[in-house]
Each structure stands twice: as C-alpha cells, then as structure tokens.
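See below for the structure under consideration.
Rule-based calculations on the coordinates, nothing more; no lab input. Fair warning: this is a prediction, and the values are worked out from it, not measured in the lab. Cβ coordinates were reconstructed from backbone atoms using ideal geometry, including for glycine residues, and neighbour counts include every protein chain displayed.
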Amino acid sequence: MKRLYLIALFIIPLGVLGLLGIPRMSGDTRALFPRQAAELEDLDFVESHFGRDFVDVIIVPLSESPTEEELEALRDTEESLREISEISNLISPLQAMNKAPSPIRLRTDGWARFILQISGDLSDRSRREVSRRIDEVRPADSIRSGSFYASDVATRTLERESAKNAPLCLAFIGAILLWTTRSFFLTLNILVAPMLTLCWMAAALVVLQIPLGAISQLSPPLTIAIVTSYACYLASRILCSSNPKRALDGAYSSLALATGTTVGGFVSLLLLGSSGVDEFAMIMAASSTLGAIFSILIIPRLISTPATPSRLLKARKLPSWLTPLALALSVALLALGTRIPQIRVDTVPLDFFAEGSRERTEIEHAMQVFPGSHVLSVAFALDQPLDIEALDGFRTLASELHALPGVVGVTGPHAFYELWQYLEKRELTAEAMLSPFGPPSITTEDQRVTRLLIDTDGEGQALIRLADQIGSALAKHDIRAQRVAISSHELVISAQSSHLTLGLLESIAFALGLVWILLLLISRSLSASLIATLPSILPIAGVMGALALAGREINLGAALVAGTSLGMISDYTFHLLFVWKRTGDLRRSVEESVAPFLITGATLVIGFSPTILSPVHPVRSFGILLGSALALGILLNLTLLPTLLGRLQRDRNDRARAGTVTPTLASEDRAG
C-alpha cells in the first residue's frame, strides 16, 4: 500500500509533464521591470502608439572602398531580410553609400550595420524562430546586437542554466546525504519528498502556463535544497531518538512553524516591486509549503523505525573554542553591518548574459564598433499634427541633446524629412515607401505622435542620469506637446535600482517583524525574542556590509538574499527553541540539534552551491550570498544563541529565586 501510494503521487505530475511538456523558459526583459514606476508608465505610453518593438542590429565588416562583391553581399542580405515578415522596418547601410542623408549612423571604420525593427507582441517561440531566420541570412563574419538579439540570447542562457542547476543540485545533495547517512536506501527515501515536490511544481507551472524567467529559474534548485532540508530534519529526529514518536510530535510543530517563516521570507520579496521577483516569491512559497506537507506525510512512512544511525548523526558536543570564535564573529558581522549605508545598487541588463560567452562577446564588440547601443526614446504627443514648421524645433533640440555626454547620435522626424527630400528629388519616395516625417516607428500615421531616438553609450545608473539631463534640456524648449515620455527597456530595468533600495528595506522589515512576533509568542519573553532574532539579522548585515566594503553593487539577484535567508535561518532558531522547550535543558538541546543542523545546513549550502559556478552574475551572486548567510546563521544558532539565552536564563532564575520575576519557558516546562 505504501508503494502504491507513492507511485500514484509520482504518476500524476509526471503524466501531466508527459502530455504537456516541461515548463517553458522566457527571456522577456519585462520580468526585470519594477511593478510600478514612472519610467514604466512612459514606456507603456510609447508602446501604445508605436507598438512593442525590438531592435536587432547586424554589423558586417566593410572596407573603406567596398568592392562589387561586398556590395552584392549587402544587397543579398537586405533582400533576404526584407522577406522576413516580422521585420516592420529595415534601415540598410546601402542607403548611406548612395550618399543619401542617413538619419542613423550606418557606417564606421571597417564596419557597416543593418538596423532591423521587429514589432509586435511575439511569444518566446516566435522570437526564437525569427532570430533563427536572421542568423540564416546574415553573413557568416557578421556580429549581432540589439534588444531583440539580447532577448533571444537571454532565453537560451536561462534554458542552459536551468537544465544544469537542478540536476547538479540533486547530485550534490545526494552525495552529502550518502556521506552522512552511510546508507544508499536511506538517501533515496529522503530524496522522495523533494523529487515529488519538484514534479508537482513543474506540472503546476505547465498547467498554469507560467514560464520560468531570469529570476524564477532559481526556484527548481532552491526547492530541492529546502525540501531536502525538511526531510533531513525529520529523518534525523527519527534516527537520533530512542522514542521517534515523541520526537516527531515536537518536530512536526517545529517544522510547521519553520515553514511558515520560510514562506514569510519569500512573501516579503513581493515588497521588492519587481514582476519577475513576484513570480519567484509565489512559486517558492507554494513549493516550500507543498514540500513540508510531503515531508510530514512521507518521511515517517519510509523511515518508520529507528535504525542504527551513522556516527555523524549522533548527538555531539561542540568544541569549546567555537563559542568565543562565534562571539568574535558576531562582533565582526555587526561592524560590517555599519557599512550598509554605503552600499550601491545597480541593475545592468548585460549582467544576465553568461560571462565569456560568444553572444556576450558579440554584443560587447558591437558596442565598441558602434558606441551607443542603448537607445532612449523621447516621444511627443503633439497638440496638433506635425508639420514642416515644427521640424526646426526638433532639429535644435536634437543638436543640443547630441552635445550631452554619453549621447552618440540623435535621429527623429527632422532627419527623416531630409532623407525624404533627397529621395523626392530622385523620384524614389514611392519605391522607398517613406512618409515625409519617417516610418511608423518614428511618426504615427495621424502625425500627432512622434519621437526622437537617442543612441547612448551609458547603462545602469549612467543611463538614468542621462535621462534626467535630457528631461532638463526638454524643459528649456517650447515644443507644444500634451505629453513627453522618455523611455526604453534598458532605462526601466536600470530604474529598478532606485526602487530596489526601498523595497529591500521593506522586505527585511516585514520578514524580521514576522519572525520576531512568532518568537515572542513562543518564548513569551521580550528579551528572549529579541536575542533570538540575532542569528538571523547578523548574517544578513554581515554579507551586505561585506559587499559595501568591497565596493560591489547589489543587483536584483543579491536583493533576493535578505528576505529569503532571513526566513530560512530563523527555521533553525525555532527548531532549537522547540527542543529546549521539550527537554528543559539548553546544553542538551544544543547537543541534540548539532547533527540535524549540520546535515540540513550542509544540504542547503552544498546543495545550492552549483549556482556559485553560474556564469550569469545575478545567479552567482544569489548563490554566494545565500550560502554564506545560511552557513553563518546556522553557526550562530548553535553558538551565540545558546550562550545569550543561557545567560538570560541564569539571570531570570536568580531573580525568580528572589521572587522578583517568573521563570522562562524552559523553567516552566521543567516545573510542569
């Protein structure tokens, strides 16, 4: 019956995955956007008039005096690109070589570029297909860049990372469990709960049609690590106790409360205000809850009787020198925490590309060949339709914006009008299918909305500062417009930085407040509850302060660490308090907790360590910081927390004997 029960639990999600496929990956940059921001409102305004467009750039080597073969190759490439229906606008370097005034710089020393505008709300599959067709027709020695290419590369990078991280995480966890338990079958029994949780999570994502993105792709390996720690905790209680039933009674309550704080830590991430983080938080909250349920239902059935435990699973004392070391470490972490106000926050889209990859090298090369790969759009909703007289104002504004540091080029309706005049003299306007004020990507058909496209070489905070300077320049010009919007996908992602700081503080405050309230309810002591929060607070203060001291910036991946680790570290605090409440002996409680803490801690830290090897910077930052915070938190729960609580207990006992206070929970349990 037990086996049929487990087989049924596995068959249902595996059947769904077999019928519908595995969860999809998405490289959509909107997953990195803040949920609410003025920059996002401006982007929505622009896309409502010009559509959601992507730019793809093909850069080809071209000699100073092109040969006929090179020109023929350019013509063939242009014809092939025009056959791709999703390309709504194509600007060719042949246009500049015909000595026509080019609104956009298309040639530089030894290079020329095609600029492709791809409009429409394309799915990831459609974008991938269009990208494949572009790769088929572009010259073999060319390089690609642009937001459309970046989205395709991001999707493929995330697929590789997600396919690699979950199996590696499982292998690392299996190895550490096999080493600690010395039993292959016991290891398999423990891994049943995380594998079931992973299967059900994947099936739910497929049914709900939720793709894994830049942030949520961390959920499969993190789910495996967290649920395995739950299963390890219950298994260690069974194996290390002479009375498993009694041990499990307290363990269930402890695990339920620990799961609540872990879920609270993930829910606190909603305050970061990013749609991609929201998705990650909800997936992990659901997975943690489901994993705890599976662990409680399955582990006692599979490991129903105490076996001869491995030497590593037995209760043990900590070395005497570890407590002074932990106290010194706590002081050091507190000192590092004072550096937190100096920390810098930045989010750069290129961080989500694998370091050293061919695609990232291509994009960086393209940025060197044609500086200004980051485009800002300045859209104007005019009071009246655009006319020739209004072009002088745009021409003057474009000249002033071009003089700003970081601006490489400015194009707009004035530049396309010059091109239209040139083509009209040669009776080529009909062939070029060009309106006087530019294509629909520059000026709408009713000519009431137009925009300037500004090529810049800045990213992150530099792009935000440039947008502010552009806004100041616009205020000085009398262009009659009902609304002016400065936007781009890169600007919105970079603006995440300003929202990230406040969201990070709110996330920590929410998670810490939840943990403190639960600790207060358990201990019924204000002093004890405040002391019990230290093992959760100090590691976060230490790792964030270390980042500030090293001059490193917090990105979106690093910002996830605070709420996530605070909820997970507090699990160990609750476990220790529940054991103390059961035994009434703090020293014995620590000795009983050493083995479960070390095993579950090793499962989390080592199991999630494959992310440290990730070439994607935010994923690697998340892995390093989370692993460091968890290791420090477990150490402080075994050393600092018992030392401070023991001191508090002795003081309260002394005063209780004097009749001035009531004893703490451990004394009450012993008395009862």
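Per-structure values
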{"read-out": "Estimated FRET transfer efficiency (D249, L208; beta-carbon r; R0 35 Å; 0.05)", "value": "0.45"}
{"read-out": "Label-point separation, R301 to L322 (7 Å along Cα→Cβ), nm", "value": "3.5 nm"}
{"read-out": "Separation between Cα centres of segment 603-627 and segment 504-536, rounded to whole Å", "value": "26 Å"}
{"read-out": "Label point distance in nm, E41-A335, each placed 7 Å from Cα along Cα→Cβ", "value": "4.7 nm"}
{"read-out": "Under 15 Å, Cβ to Cβ, from Y417 - net charge with Lys/Arg +1 and Asp/Glu -1", "value": "-2"}
{"read-out": "Where GluC sites (Glu not before Pro) fall in DSSP loop in segment 393-485, at most 11 other Cβ within 10 Å", "value": "E427, E445"}
{"read-out": "Net length gained if the chain between S65 and T289 were fully extended (0.36 nm per residue, minus Cα distance)", "value": "74.0 nm"}
{"read-out": "Two-decimal log10 I(q)/I(0) for segment 126-242, as the Debye equation yields it once each C-alpha is a single scatterer, q = 0.13, 0.22 Å⁻¹", "value": "-0.66, -1.20"}
{"read-out": "Segment R524-F185, extension gain: residue separation times 0.36 nm, minus the distance between their alpha carbons", "value": "117.8 nm"}
{"read-out": "Selection of trypsin sites (Lys or Arg not before Pro), segment 143-195, meeting DSSP coil and at most 15 other Cβ within 10 Å", "value": "R182"}
{"read-out": "Cα→Cβ-extended label distance, 7 Å offset, between E445 and T361, nm", "value": "4.6 nm"}
{"read-out": "Segment 602-651: relative contact order as a whole-number percent, Cα under 8 Å and 6+ apart", "value": "30 percent"}
{"read-out": "Segment 471-588 - convex hull of the alpha-carbon atoms, volume per residue in Å³", "value": "168 Å³"}
